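Read the structure below first, then the notes.
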Amino acid sequence: MKKWQDNKGWLFILPVFIIVAFSAIIPLMTVVNYSIQDIFGPGQRIFVGTEWYKEVLTDQRLHDALWRQLLFSGLVLLIEMPLGIAIALTMPTKKGLGSSVCLVLIALPLLIPWNVIGTIWIIFTRPDIGLMGALINDMGWSFDHTASGLHAWITLMLMEVWHWTPLVILLAYAGLRSIPEAYYQAARIDGASAWAIFRYIQLPKMRGVLTIALLLRFMDSFLIYAEPFVLTGGGPGNATTFLSIYLVKIAVGQFDLGPAGAFSLIYFLIVLLFCYLFYQVLLNVGKGESS
Amino acid sequence: MNLEWMAWTAPTAAFFSFIALMLVGMTIWEIKCPTIKRKGFLPIATTRGDRLFVGLLVSAYIHLAWIGLTDLAIWFALGIAVLWMGVVMRWG
């Protein structure tokens, strides 16, 4: 009887398997199939082996896009993670109107569709009518994200930090709220400083949610497409052409499904590797400290 | 059901069949003889499934490095990857 009850549990997760199969595994298998063929149309294809992989791996534009992407994701994590934790630490901890208002205001950027975010920031940073763009230009600094690569990067970083730091804040805040009051009482009795409380109580207790925040932010920033596409279209020049934008140019712009398939798989493997490394590092960091 | 849009080829069908068989084999192995986490030459304690994942991921990178850096046949990379899989599963 017990065995039957255990096995019945599989039926409940069967729908998830079916959904994942249709949404992820079948498309992934198709991409693998495309990556070793030259696809001309339905039923018209030639087997090319590893040719597309060779072409993609030796493509200088892909290398440039990869370095840009790594720099972008690195900066995003370096800014958003500490900033998110710092803001979460300053938020009201007691239940009430203050914390509710804070949470709603902080969550607002997360509710805006991604392509709308890009449009908002195009208008916001326009040197003629945009609040930020016009203000900076009035201060004597010629700011135009459509003409300067550096300005495009600054605008993108500001947009990304504004859009996604709230996620880190909400997760860090949830982690902080889950710490029992007894820990703080014990720390007060021991005369612990604010830094000691943060280092030895709050940070270890937030490790789980911060792992999730780090993984989500890395994956999202590494796969970013809509916001930079709307804001800069990958320009000026190729200054903000990230991997996803370059991939879409190959797959949709040039309709080269073979190279796009090979590119996608390499992209997937890079994301998989980084996520696994982050996950392992965060899972194991600080283990044994308490003993 | 017409699966022409998936553009199947014999090598990719063989590849995915092998992966599926490997997962089924690992599942049966796990049921028959549950894994125990252990520490080998990898810097983390791993289960059998962890070692398979690490082995497959590194194998994929071995193939990519081979394609990107050399003009030699891909079969050499496959040989190195098989060797690596054996090493990581046994001593990883």
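Read-outs: derived from the displayed coordinates by stated rules, not from any lab. This is a predicted model, so every value here is computed, not measured. Positions of Cβ are generated from backbone atoms using ideal geometry, with glycine treated the same way; all protein chains shown enter the neighbour counts.
State yes or no: is A:Arg45 free of Cβ contacts under 8 Å to residues at least 24 places away in the same chain and either buried (at least 17 other Cβ atoms within 10 Å of the Cβ) or of a type in the set (D, E, K, R) (or both)? Full working, then the answer.
Working: free of Cβ contacts under 8 Å to residues at least 24 places away in the same chain: yes; either buried (at least 17 other Cβ atoms within 10 Å of the Cβ) or of a type in the set (D, E, K, R) (or both): yes.
For A:Arg45, the condition - free of Cβ contacts under 8 Å to residues at least 24 places away in the same chain and either buried (at least 17 other Cβ atoms within 10 Å of the Cβ) or of a type in the set (D, E, K, R) (or both) - is met.
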Q. Just checking, how many residues over segment A:20-60 are in contact with a helix residue (DSSP H, G or I) (Cβ under 7 Å, 6 or more places away or on another chain) and more than 7 Å from chain B (Cβ to nearest Cβ)?
A. 7
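Pick out the one residue from A:Trp195, A:Trp162 that is more than 28 Å from the chain's Cα centre (by Cα) and closer than 18 Å to A:Ile85 by Cβ.
On the way: A:Trp162 fails: more than 28 Å from the chain's Cα centre (by Cα).
Every option except A:Trp195 fails the conditions.
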Q: Look at A:Gly9 and say whether it is free of Cβ contacts under 8 Å to residues at least 40 places away in the same chain and more than 14 Å from chain B (Cβ to nearest Cβ).
A: yes
**Q.** Within segment B:48-90, tally of residues that are within 13 Å of chain A (Cβ to nearest Cβ) and of a type in the set (Val, Ile, Thr)
**A.** 6
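Can you tell me which residue among A:Asn33, A:Asn7 is over 26 Å from the mean Cα position of the chain (by Cα) and farther than 30 Å from A:Ala226 by Cα? First the steps, then the outcome.
Values: A:Asn33 fails: farther than 30 Å from A:Ala226 by Cα.
When all the criteria are applied, what remains is A:Asn7.
Being in contact with a helix residue (DSSP H, G or I) (Cβ under 7 Å, 6 or more places away or on another chain) and not in a helix (DSSP H, G or I) is the filter; apply it to segment A:113-128 and report the residue that is nearest to A:Ala152 (Cα to Cα). Even if it seems obvious, please write down each step before you answer.
At the first step, the residues of segment A:113-128 found to be in contact with a helix residue (DSSP H, G or I) (Cβ under 7 Å, 6 or more places away or on another chain) are A:114-115, A:117-119, A:121-122, A:124-128.
Then keep just the ones that are not in a helix (DSSP H, G or I); that gives A:125-128.
Working: A:Thr125: 10, A:Arg126: 11, A:Pro127: 13, A:Asp128: 16 Å.
So, considering only residues that are in contact with a helix residue (DSSP H, G or I) (Cβ under 7 Å, 6 or more places away or on another chain) and not in a helix (DSSP H, G or I), the one nearest to A:Ala152 (Cα to Cα) is A:Thr125.
Counting only residues that are out of contact with any Phe, Trp or Tyr (no Cβ under 7 Å at 6 or more places or on another chain) and small (Gly, Ala, Ser), which one in segment B:21-47 is farthest from the other protein chains (Cβ to nearest Cβ)? Give the derivation first.
Quick first cut of segment B:21-47, residues out of contact with any Phe, Trp or Tyr (no Cβ under 7 Å at 6 or more places or on another chain) only: B:21-39, B:42-47.
Still in the running and small (Gly, Ala, Ser): B:25, B:45.
On the way: B:Gly25: 18, B:Ala45: 9 Å.
Result: B:Gly25.
Can you name the residue in segment A:183-242 that is part of a helix (DSSP H, G or I) and among the acidic types (Asp, Glu) and, of all such residues, is surrounded by the fewest Cβ atoms within 10 Å (Cβ to Cβ)?
Of the residues in segment A:183-242, the ones part of a helix (DSSP H, G or I) are A:183-189, A:194-205, A:207-222, A:226-231.
Subset that is among the acidic types (Asp, Glu): A:220, A:227.
Values: A:Asp220: 16, A:Glu227: 21.
Filtering segment A:183-242 for residues that are part of a helix (DSSP H, G or I) and among the acidic types (Asp, Glu), the one surrounded by the fewest Cβ atoms within 10 Å (Cβ to Cβ) comes out as A:Asp220.
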